[in-house]
Amino acid sequence: MTKAMLSIDNAAKRFVTPASMGDRIAHALGGPDRTQTVHAVTDVTLTVAKGEVVGLVGESGCGKSTLGRMISGIYAPSSGAIALEGTPVAKMAGKRIQKLTTRVQMVHQDPFSSLDPRMRVANTVSEGPVHHQLVSAAGADDNVADMLVRVGLDASTRRRFPHQFSGGQRQRIAIARALAMQPDLLVLDEPVASLDVSIQAQVLNLFLDLRQQLGLTAVFISHDLGVVRHVSDRVAIMYLGRVVELADTVPLFDRPAHPYTRALLDSVPKLGAGRGAFSAVAGEIPSPLNPPPGCAFHPRCPFAGPRCSVERPILKAGDNTPGTVACHLYDGGT
Amino acid sequence: MSLVEDIQVETWRTRLGDFWREFAESKVALVALVVIVAIVFIAVFAPWISPQNPYDLARLDLFDSRLPPGTVGSGGYVHILGTDAAGRDLLSAIFYGLRISLLIGLMAGAFALVLGMSIGLVAAYKGGRVEAIIMRIVDLQLSMPAILLALVLTAMLGQGLWQLVTALVVAQYAYFARTIHGAASAERDKDYIEAAIATPLPAHIILLRHLLPNSLPPLIVVATVQVASAIALEATLSFLGLGLPLTEPSLGALIANGFQYLLSGRFWISVYPGVALVITIVSINLVGDQVRHVLNPRRGQ
């Protein structure tokens, strides 16, 4: 494997829900502390090599979007480090987050809210590059045209407003905006989740084409295993803020090791499987306010033993696992 | 650079066109708009269209005092709306009074808009403690009657145009702050702001280029209503004798000026300035209502 482009080292993000004014006064006077901490992302270690696409998969609320925002510098990690070729992507400046680099760009899930409704496409795409002097003000218009053509839109549409485009076209604009910043790393947060299925395929193909042309490095976040299988070289499965399995795409889908990964793969409805033949992952995802002790998956796991509710498994390679996995089944039994 | 300018010109042209078509759907609002244009015309050209300069004390004749409407005075022309106790031609005094009232209303409205907009926007963007402190001050102020605040301030600051405008701005900025704060807090959480942060763009560009334009529409409505309300406030203060000196009377001062004669049959001294004031305020409010109606996003559905 080549040198790591992105290195995430023990990164964690905790959100503290602010207490009400009354509770704060009570706390100051000696009452109980009523602030609650959400452990959105806990101790994630992951590297992305140059030219590689890593998929992040998990149920809603598992912290994959939070991790994506940390990588793109919108959130600074509460602990640990996220660095792009050695440079941290964000730091805390007082209470504010300061994004340090233009080299990581993000594509949001919902193209209906990620584009400024009062700004024309040309300005939306050129604003960042002109501000950071990646293109001159005089060359901005040509640059916008190039970018739009590159994502499969007509260059003449650059004077339109976002509301004049369909969802798929808007997502292409969002991709053009990210590409215009000449990023070294692209974070795509569920980029096709809010699109029609037929449009999803078009946008995914666009992504694959761009990847081939530009040698993109990317983190691709999705809850859709089929989509991730299609675009990623490696896949990280997340559960309740932690990576529970990390492996190359093909072996992972062939022989998933972690019970959660297996459950996820089994729960995908398949054509030809007949009616009522798919099994859902049992139970609800636990609250990240109060994660269960030991392995976070043990309340829902069919293989859970006494060890699982006490000792937290660590991510490591076991016998015959496709990659690394955090499960006691591969580490001396439950 | 020309592209950016073209785009902006085009944007405003098409949007204004749509806006105008929808605005003109209400005939009442159209009439009100015509009235406002006429009032502004009168206010701007008062020195040229008034029969008399009511500020020039040398031209006032006490023999002409309290003449009923339609009387020919010593100046040899008809006092269409009569004269007041100082012998001022009321029509001229109303023209000049409109000029002062509109000037004060617009200046107070504009300054309150800029001030309220700035602090409301910053509060929404910053969040946390800054937002809490600013918005609690605004809430505190909104819980007091604006007239009370303006009264105390004019009493403290003294008479004069700038003192009056300052008092009105302080009494009114809170409405603008709260309105834009509400709109901007909703916009703040949308992904396009996050996308701008992730680019990254500096805070002032995000504020001015993204957050402000998207939070502006509700403010336009508040602005029209607040101009009307500033005019009314100013009239109230002048009526109570706290506004401008009587030698340069605004509409409120004119009403106060004739108040003592109201029951002795010389109604015109108070009533005609009052009518002018009511027409002005009602017209502005009617136009403001229609603007609100056109800008209401739920309207098209």
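Some values worked out for this structure:
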quantity	calculated
Residue ID - modelled with the highest pLDDT, chosen from residues in the stretch B:1-43 that are open to solvent by less than 40 Å² (accessible area, probe 1.4 Å) and within 14 Å of chain A (Cβ to nearest Cβ)	B:11
Options B:161, B:212; residue that is of a type in the set (A, V, I, L, M) and within 14 Å of another protein chain (Cβ to nearest Cβ)	B:212
Residue among A:255, A:177, A:160, A:170 that is touching a residue at least 40 places away in the same chain (Cβ under 8 Å), surrounded by fewer than 21 Cβ atoms within 10 Å (Cβ to Cβ) and farther than 30 Å from residue A:319 by Cβ	A:160
Residue in the stretch A:75-83 that is at the interface with another protein chain (Cβ under 8 Å from one of its Cβ atoms) and either open to solvent by 10 Å² or more (accessible area, probe 1.4 Å) or of a type in the set (Val, Ile, Thr) (or both) present	no
Total residues in the stretch A:118-132, condition part of a loop (DSSP other than H, G, I, E, B) and either more than 7 Å from chain B (Cβ to nearest Cβ) or touching a residue at least 60 places away in the same chain (Cβ under 8 Å) (or both)	2
Within the stretch A:176-187, tally of residues that are more than 12 Å from chain B (Cβ to nearest Cβ) and touching a helix residue (DSSP H, G or I) at 6+ places or on another chain (Cβ under 7 Å)	2
Any hit, the stretch A:139-149, residues being surrounded by fewer than 16 Cβ atoms within 10 Å (Cβ to Cβ), touching a helix residue (DSSP H, G or I) at 6+ places or on another chain (Cβ under 7 Å) and either facing chain B (nearest Cβ under 7 Å) or farther than 16 Å from residue B:195 by Cβ (or both)	yes
Qualifying residue in the stretch A:104-116 (condition: open to solvent by less than 60 Å² (accessible area, probe 1.4 Å) and away from chain B (no Cβ under 11 Å))	no
Residue within the stretch B:231-246 that is more than 21 Å from the chain's Cα centre (by Cα) and away from chain A (no Cβ under 14 Å) present	yes
Whichever residue in the stretch A:89-103 is within 16 Å of residue A:187 (Cα to Cα) and surrounded by fewer than 23 Cβ atoms within 10 Å (Cβ to Cβ) and, among such residues, is nearest to the other protein chains (Cβ to nearest Cβ)	A:99
Answer residue from the stretch B:213-252, given it is assigned to a helix (DSSP H, G or I) and at pLDDT below 85 and is most open to solvent (accessible area, probe 1.4 Å) among those	B:220
Close pairs (7 angstrom Cβ cut-off, 6 or more residues apart or separate chains): β-branched (Val, Ile, Thr) and surrounded by fewer than 19 Cβ atoms within 10 Å (Cβ to Cβ) in the stretch A:1-12, part of a strand (DSSP E or B) and modelled with pLDDT of 90 or more anywhere	A:2/A:49
Residue satisfying all of: in the stretch A:198-238; basic (Lys, Arg) and either over 22 Å from residue A:170 (Cα atoms) or part of a strand (DSSP E or B) (or both); least open to solvent (accessible area, probe 1.4 Å) among these	A:234
Strands (runs of 3 or more DSSP E) contained entirely in the stretch A:1-114, each with at least 3 residues that are of a type outside the set (Lys, Arg)	A:4-17, A:36-49, A:53-57, A:79-84, A:90-93, A:104-107
Residue B:186, sole failed condition from (1) surrounded by fewer than 20 Cβ atoms within 10 Å (Cβ to Cβ); (2) more than 14 Å from chain A (Cβ to nearest Cβ); (3) of a type outside the set (Lys, Arg)	(2)
Meets criteria (open to solvent by 20 Å² or more (accessible area, probe 1.4 Å) and either away from chain B (no Cβ under 11 Å) or touching a helix residue (DSSP H, G or I) at 6+ places or on another chain (Cβ under 6 Å) (or both)) for residue A:72	no
Any chance residue B:263 is without any contact (Cβ under 8 Å) to a residue 12 or more places away in the chain and in a helix (DSSP H, G or I)	yes
Residue within the stretch A:280-298 that is open to solvent by less than 50 Å² (accessible area, probe 1.4 Å) and hydroxyl-bearing (Ser, Thr, Tyr) present	no
Residue satisfying condition, being open to solvent by 40 Å² or more (accessible area, probe 1.4 Å) and at pLDDT 80 or above, within set A:304, A:273	A:304
Complete set of residues in the stretch A:313-328 that are at pLDDT below 90 and touching a Gly at 6+ places or on another chain (Cβ under 8 Å)	A:317
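The values are calculated or read from the model by the stated rules, or taken from the named source; none is laboratory data. Predicted, not measured: the structure shown is a model, and the values here were computed from it. Positions of Cβ are backbone-derived with ideal geometry, glycine not excepted, and every protein chain shown enters the neighbour counts. The accessibility values were calculated without ligands, DNA or RNA, using every heavy atom of the protein model including side chains. Shrake-Rupley method; radii C 1.70, N 1.55, O 1.52, S 1.80 Å.
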